[in-house]
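Read through the structure below, which is laid out as structure tokens, and then see the notes.
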Amino acid sequence: MTRHTCWGQGAGGEQYRHETRDQNHEELLDVLLAHKGKVLLSGYDSALYNDRLRGWHREETVYRSQAGSLKREVLWMNFEPEGWQMELELGGIPDTGRGTGWTSRD
């Protein structure tokens, strides 16, 4: 899945060869919300996703894109990650005291 109108688009219009439309995102969210197992979803910060996935665990970070703009990347999880394991999986280096850059936003 790629960005759609709930995340906005750059001045050049579509940014990917295959853009995902709002209806596709709604359908994806319906499937994920009905899924009985663990779900981890990665994407840009989005009012649509934040609203529909309210109550899910959320981690976020801000990074600079290739174009130089700041982007907020979000991980939504329908489960509570295990602390240190989450840090390792997200690329943190606990021994040096450097954080992952990811912040919990439950």
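Each reported figure results from applying straightforward, stated rules to the coordinates on display, with no laboratory input. Quick caveat: nothing in here was measured; it's all calculated off a predicted structure. Neighbour counts run over all protein chains shown; Cβ positions are idealised from the backbone, glycine included.
A few notes on this one:
- Residues TYR44, TYR49, sorted so that the one with the fewest Cβ neighbours within 10 Å comes first: TYR44, TYR49
- Calculated FRET efficiency for the pair ALA47/GLU27, C-beta based, R₀ 22 Å, to 0.05: 0.80
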